[in-house]
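Presented below is the structure to which this report refers.
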Amino acid sequence: MLQRLDYPHKYPYQLRNVGLSSYIKATFSNKDLIPECFCTFDYYLSMKPSQYYVLALSSLSLVIFAVILQQVGYQGVSFLPCPLCVLQRVGYLGIALFCLLAANTVSLRMYFHVLALMTAIYGFSVAAHQVWLLSHPASSCGIDPLETWINRFQLAKSFPMLFKADGLCSAQLPAILGLQVPEWSLLWFGGFLVVLSLTLMKKPAPATPAKPLT
């Protein structure tokens, strides 16, 4: 049950005898339940829900393609995921998740859009580091401590096909259409970053009324 409070500028409703699921549903559907400081933005979004679905589907497709390269291989070589590959998979899945949430939640669309943008920045940084390692293979040798750390997570144990790191970050694998997989990943994260940035538009300044001619 929602009860109106007498404080006009803060939380205008308080929740009583409401379960967690009802609270989440009310929060996502009622802007009055969101603090006022979260409702003031100088930016707006120019993306439609269908465009968020396209981004989410693209991200998921890239993860599926990576798993195919891992299980089936390319030119007789299995592309075993390295620790940085696993981190990039997490980035793609994060973009897909936040884009799906943005497409289905109008009141919090801005925040999920920003989270997807931040995830794209994270993935771009990881991919850029791996591209650098390909050019400097001497900087990565032996067992990567990051691999041991990642494989300790329950996700890696429960879903090893997706999250278990078995490869080397500086391994030279067959190029696909002239580019290594990390280079393709860098381009894809860069594309997501550009799209999510350009669709976050700054609101135009309010027009000042013209002074009457005297």
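Quick one: would you say Ala165 is touching a helix residue (DSSP H, G or I) at 6+ places or on another chain (Cβ under 8 Å) and modelled with pLDDT of 85 or more?
In short, no.
With respect to Val114, is the statement that it is surrounded by fewer than 18 Cβ atoms within 10 Å (Cβ to Cβ) and in contact with a strand residue (DSSP E or B) (Cβ under 8 Å, 6 or more places away or on another chain) true?
So Val114 fits the description; yes.
Enumerate the pairs (first residue in the range 52-74 and loosely packed, with under 15 Cβ neighbours inside 10 Å; second residue anywhere and modelled with pLDDT of 95 or more) with beta-carbon separation below 8 Å, excluding pairs fewer than 6 apart on the same chain, so at least 6 apart or on different chains.
Taking only residues 6 or more apart or on different chains, the pairs are Leu57/Ala96.
Looking at the range 144-167 only, could you name the residues that are closer than 17 Å to Gly73 by Cα, over 22 Å from the mean Cα position of the chain (by Cα) and surrounded by fewer than 19 Cβ atoms within 10 Å (Cβ to Cβ)?
Asp166
Exactly one of (1) crowded, with 16+ Cβ neighbours inside 10 Å; (2) more than 30 Å from Leu45 (Cα to Cα) is unmet by Phe124. Its number?
For Phe124, the failing item is (2).
Confirm whether Val77 is of a type in the set (Val, Ile, Thr) and surrounded by 14 or more Cβ atoms within 10 Å (Cβ to Cβ). Reasoning before the result, please.
On the way: of a type in the set (Val, Ile, Thr): yes; surrounded by 14 or more Cβ atoms within 10 Å (Cβ to Cβ): no.
So Val77 fails the test.
Identify, please: which residue in the range 69-99 is part of a helix (DSSP H, G or I), among the polar types (S, T, N, Q) and over 14 Å from Pro182 (Cβ atoms) and is, among those, nearest to the chain's Cα centre (by Cα)? Before the answer, list the steps.
Let us first name the residues in the range 69-99 that are part of a helix (DSSP H, G or I), namely 69-71, 83-99.
This time we only want the ones that are among the polar types (S, T, N, Q), so: 70-71, 88.
Cutting the leftovers down to over 14 Å from Pro182 (Cβ atoms) gives us 70-71.
Working: Gln70: 22, Gln71: 25 Å.
Across the range 69-99, the extreme among qualifying residues is Gln70.
The values are calculated or read from the model by the stated rules, or taken from the named source; none is laboratory data. Computed from a predicted model, the values in this text were never measured in an experiment. Neighbour counts run over all protein chains shown; Cβ positions are idealised from the backbone, glycine included.
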